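Everything on this sheet refers to the single structure shown next.
All of the numbers you see were taken from the coordinates with simple rules; none came from a lab. From a predicted model like this one, the values you see are computed outputs, not experimental measurements. Cβ sites come from the backbone with ideal geometry, for glycine too, and all protein chains shown count toward neighbours.
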Amino acid sequence: MKKYVSAKYQHKVLRNLYKNFENGSFCDLTIVCKDASFKVHKLVLASSCDFFSSMFQFNFNENKSNTIDLSHSKASIIRAVIKFVYTGSVKLTEDNVQDLLIVADQYGLSDLFKICTKFLEKNIYASNVIGMHMLAEQLNCINLKNHSFKYMKNNFSDVVKSDEFLSMPLNLFINYISAPDLSICTEIEVFEAGLAWICHDLKERESSAEEVMKTMRISVLPYPVVNDKLQFCSSIIVKNYLGKVISEMLNGDYGKSICRSNRLMIECPINRLSASPRIYFMELIYSPIRCNRSSSMMYYDVRRNEMKTIPLIKQQSDDTEQLIAAVDRRIYFFGGFGNLKTIEMLDTYENQHKTLGPWPRRRSFGAACSVGNEIYLIGGLHETDNFHSDIDIFNTWTKKWRVLPFPREYTSTQHLGVVYWKVFIEIKGLIYIIGGENGEQEAVSQCLIFNPITEKFDDMPNLLTPRSRFGISCYKDHIYVAGGFDHDSNILCTIERYFIERGHWEKVNSLNVSRYMPTMVTVLDKLYILGGNTSLSYSSSAIFEVYDPQKNKCSKIEPLLPLLMHPCAIAI
């Protein structure tokens with residue numbers, strides 16, 4: 001015997017039940033709310049969830065009186081809930097969704113609860129995420145709670161500007177600012193946000209001030225920043241705590257860590273674990289564009305997919321191959337192809353471009369990186385086209401230089417790569433000097449580790465392929481190099497990575513286009529390979545690629561910035 005099913009029958013029954021509700025026909029129960037009442041059917045409510053089923057199955061007062069008192073709820077909310085019970089559909093807005101979620105949770109309407117949760121997850125913004133997270137905690141909504149907290153961590157700079165931030169309860173605030181994966185550009189952001197939160201209600205929060213400050217990583221901050229707050233803070237508890245931190249800074253209250261290299265163990269003084277910096281998640285790619293003596297800094301916001309321009313001071317020469325490094329979101333420019341005579345700085349907090357005075361020893365090519373408040377310039381050529389055999393060190397606080405001789409036993413290199421690596425505290429503060437060219441302009445595979453504190457060099461495993469003029473960046477516990485020239489001046493498309501913990505190089509996937517002198521930056525969880533030259537005729541490449549370390553895949557993307565032939569860019 002064949003079974004026949006009417007596809008439209010169930011929908012027709014539901015439509016007719018809803019019509020009976022609208023007409024008040026066959027109703028046997030009244031729901032009373034704040035400014036209205038609704039006649040409904042017990043059977044429909046009992047079929048919608050276990051809560052109402054139990055209410056009508058057993059001898060509850062509501063079952064006896066045929067009335068449910070919801071006088072604390074708005075009529076518009078209850079009507080929307082009733083319509084969902086009858087039809088399975090609901091109109092959600094930012095104004096009604098939280099009230100609907102609370103009612104759905106209260107009466108066990110799981111389907112409505114899930115719909116409201118999904119809506120909220122898609123409509124989280126910096127202005128409402130804290131309230132959303134607190135609601136999720138109150139209702140024990142795990143998915144919304146995790147989703148909102150992840151958003152808070154990934155958008156710290158925007159969240160701290162919201163009206164909700166300063167009203168955040170203590171426990172949530174501490175969990176937030178102490179999160180190890182908080183997406184920040186510098187610990188100064190957390191420090192200033194924490195003090196703002198304390199001072200917003202100093203009378204109530206001063207007793208918790210020390211507990212809050214212990215979760216901040218104050219000891220990794222620049223001394224002038226901490227000292228400035230100490231001088232102007234009105235809280236005695238805050239001043240006393242900052243005074244202790246400054247005393248530790250000045251007295252060198254450090255622990256010690258052993259950093260592995262190829263042949264020996266390098267002992268590195270480090271701040272205590274609670275003061276170690278987080279992994280910073282870069283979101284902005286900055287690139288200076290100098291052409292016809294007009295200058296600008298373009299930056300691309302990867303998260304928001306936006307590009308903006310900041311005017312720079314006009315220079316006397318077009319320096320398209322500058323050495324560039326960043327300290328506390330301030331970008332410093334040195335040298336370049338035209339041997340720029342002054343040091344420049346772009347303050348990305350205020351979008352102001354400044355000159356910082358003359359540069360005593362100009363340098364082109366080479367590489368730059370920052371360690372704490374100091375910038376190290378290594379390799380490259382000076383004005384007479386001879387190799388630089390020294391390391392120039394610029395202190396961004398004092399604006400003074402010092403020079404450190406490069407060991408004679410190591411070959412001076414021109415187009416070398418430098419990475420300052422500080423993901424794990426065990427290797428905090430080490431500079432990795434990778435590849436480059438020798439005096440005959442041949443690519444080399446030699447790699448070194450430099451400890452800025454002990455000022456000692458040590459060998460590390462060589463590159464798998466001799467390489468110069470390549471892109472270099474780091475992600476988590478790996479250093480990545482891409483493209484460049486090999487020993488025979490062939491243009492490379494290969495990518496290698498160095499596993500710091502294990503101390504070895506390995507090949508990964510290749511670029512889609514061979515090139516030399518690209519810029520390579522890490523933004524969020526991907527590596528961007530920008531521009532470069534694709535042939536010996538110095539033809540510039542507008543090809544941009546992105547490498548995904550998780551998928552080990554390199555993909556072409558649309559150009560993010562109008563880079564010149566030898567691009568210069570940095571992520572902050």
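Data table
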{"item": "Ile495 long-range amide H proximity, modeled H, under 5 Å", "result": "Val508, Leu511"}
{"item": "Contour minus Cα-Cα distance for Ser207 and Ile453 (0.36 nm per residue)", "result": "84.8 nm"}
{"item": "By average C-beta atoms within 10 angstrom, highest first, the peptides 393-400, 73-80", "result": "73-80, 393-400"}
{"item": "Peptides ranked, highest mean first, by Cβ atoms within 10 Å: ranges 8-19, 484-495, 348-359", "result": "484-495, 348-359, 8-19"}
{"item": "Other-chain or far-sequence residues with amide H under 5 Å of Asp390's (modelled H)", "result": "Phe406"}
{"item": "Over 25 Å between alpha carbons, listed pairs Lys12/Lys91; Lys214/Lys400; Lys150/Lys476; Lys114/Lys145; Lys34/Lys118", "result": "Lys214/Lys400; Lys34/Lys118"}
{"item": "Set of region 22-51 residues, backbone N closer than 20 Å to the point 7 Å along the Cα-Cβ line of Ala75", "result": "22-25, 27-41"}
{"item": "Charged-residue dipole, Cβ positions (Lys, Arg, Asp, Glu), region 34-160 about Cα centre, Debye nearest 20", "result": "240"}
{"item": "Förster radius 22 Å - calculated FRET efficiency between Asp181 and Glu501 (Cβ-Cβ, nearest 0.05)", "result": "0.70"}
{"item": "Karplus (6.51, -1.76, 1.60) ³J(HN,Hα), θ = phi - 60°, over region 187-203, in Hz, Gly and Pro reported as x", "result": "5, 4, 4, 5, 4, 5, 5, x, 5, 4, 5, 4, 6, 4, 9, 4, 4"}
{"item": "R0 of 41 Å, Cβ-Cβ distance Glu248-Asn123: FRET efficiency to nearest 0.05", "result": "0.35"}
{"item": "Placed amide H near Ile343: partners under 5 Å, 5+ positions off or other chain", "result": "Leu356, Gly357, Trp359"}
{"item": "Footprinting exposure proxy for Glu192, Glu501, Glu187 (fewest neighbouring C-beta atoms within 10 Å first)", "result": "Glu501, Glu192, Glu187"}
